[in-house]
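The values are calculated or read from the model by the stated rules, or taken from the named source; none is laboratory data. Source: prediction; values computed, not measured. Counting neighbours? That spans all protein chains shown, and the Cβs are built from the backbone with ideal geometry, glycine included.
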Amino acid sequence: MEPGRSDSDPPGVPTDSPGPWASMARLLTARAGQSLPRVLASLLAVLAPLALASCGSGGSSIDDPNLPYSFDYPDGFQTGGKSTVPAREGGFENQTIVAKESGQDFVAVQTQRLRRQVDARLVPRVKREVEQAARRIGKVRGRSNVRIGGLDGVSLQMGLQATGVPVGARWIYAAKDRTLYWINCQWQSDRQDVLGACDRVMRTFRAR
């Protein structure tokens with residue numbers, strides 16, 4: 001048996017030396033030199049849209065054929081917010097943010113490339129590894145299995161810190177083929193509105 005590999009590891013899955021993302025590295029593609037503080041910054045720091053368009057009745061949709069997902073979001077949230085760390089530098093293939101005017105209360109949907117295709121046998125392992133990584137970033141206050149867009153996923157209730165300011169979040173993960181979908185619902189003040197938006201995104205989410 002190779003060093004660092006257990007009997008439960010499927011053949012061909014690479015193992016990595018310990019580090020902030022080592023528990024996810026077997027399934028997720030990690031960028032060389034990527035540090036935990038930089039990843040954390042990409043999660044917590046979001047700039048508000050420079051100009052907010054007027055809200056339509058009932059909310060709006062993200063349905064860009066160039067994105068590997070679609071979803072609806074409610075009034076009071078606008079697109080155009082961007083992380084202070086570009087999506088690819090944070091390890092994501094793409095990122096879509098709908099935010100309140102403050103820019104600190106938002107829902108972000110992003111994807112990350114997996115090292116190998118995920119089938120039903122590997123779904124529990126994906127759930128375990130994303131939870132292990134989440135515990136390295138913040139406090140996991142709760143965990144539940146969810147269905148999102150027809151996929152088996154996991155929802156984590158998170159407690160985070162941003163420059164000394166407490167931040168709450170609900171992180172939802174699901175995998176399809178070689179793509180990990182991550183919905184980050186995060187707030188500093190408008191918890192109720194963000195959770196309402198999070199519920200709507202989850203109900204209407206579709207993976208392509």
Mind checking whether some residue in the stretch 82-93 is farther than 27 Å from Gln192 by Cβ, modelled with pLDDT of 90 or more, surrounded by fewer than 20 Cβ atoms within 10 Å (Cβ to Cβ) and among the basic types (Lys, Arg)? no
Considering only the stretch 191-202, I want to know if a residue exists there that is charged (D, E, K, R), buried (at least 19 other Cβ atoms within 10 Å of the Cβ) and either assigned to a strand (DSSP E or B) or at pLDDT 95 or above (or both). no
Residue in the stretch 101-122 that is surrounded by the most Cβ atoms within 10 Å (Cβ to Cβ), counting only those that are modelled with pLDDT under 90 and closer than 22 Å to Val194 by Cα: Gln104
Would you be able to tell me the number of residues in the stretch 123-140 that are in contact with a strand residue (DSSP E or B) (Cβ under 6 Å, 6 or more places away or on another chain), buried (at least 18 other Cβ atoms within 10 Å of the Cβ) and of a type in the set (D, E, K, R)? 1
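Could you say whether any residue in the stretch 96-113 is more than 14 Å from the chain's Cα centre (by Cα) and farther than 23 Å from Ser60 by Cα? Full working, then the answer.
Of the stretch 96-113, the ones more than 14 Å from the chain's Cα centre (by Cα) are 99-105.
With the extra rule that they be farther than 23 Å from Ser60 by Cα, the set shrinks to none.
Looking for residues that are more than 14 Å from the chain's Cα centre (by Cα) and farther than 23 Å from Ser60 by Cα, one finds none in the stretch 96-113, hence no.
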Please go through (1) at pLDDT below 70; (2) under 25 Å from Gly149 (Cα atoms) for Pro65 and return the number of the only condition it doesn't satisfy. (1)
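So, in the stretch 141-162, of the ones that are free of Cβ contacts under 8 Å to residues at least 60 places away in the same chain and more than 18 Å from Val194 (Cβ to Cβ), which residue ends up surrounded by the most Cβ atoms within 10 Å (Cβ to Cβ)?
Step one: filter the stretch 141-162 for residues free of Cβ contacts under 8 Å to residues at least 60 places away in the same chain, giving 141-148, 150-159, 161.
Then keep just the ones that are more than 18 Å from Val194 (Cβ to Cβ); that gives 143, 145, 147, 150-154.
Values: Arg143: 12, Asn145: 11, Arg147: 10, Gly150: 10, Leu151: 17, Asp152: 16, Gly153: 25, Val154: 21.
Filtering first and then ranking leaves Gly153.
For the structure I just gave you, tell me whether Leu156 is under 25 Å from Thr79 (Cα atoms) and at pLDDT below 95.
Numbers: under 25 Å from Thr79 (Cα atoms): yes; at pLDDT below 95: no.
For Leu156, the condition - under 25 Å from Thr79 (Cα atoms) and at pLDDT below 95 - is not met.
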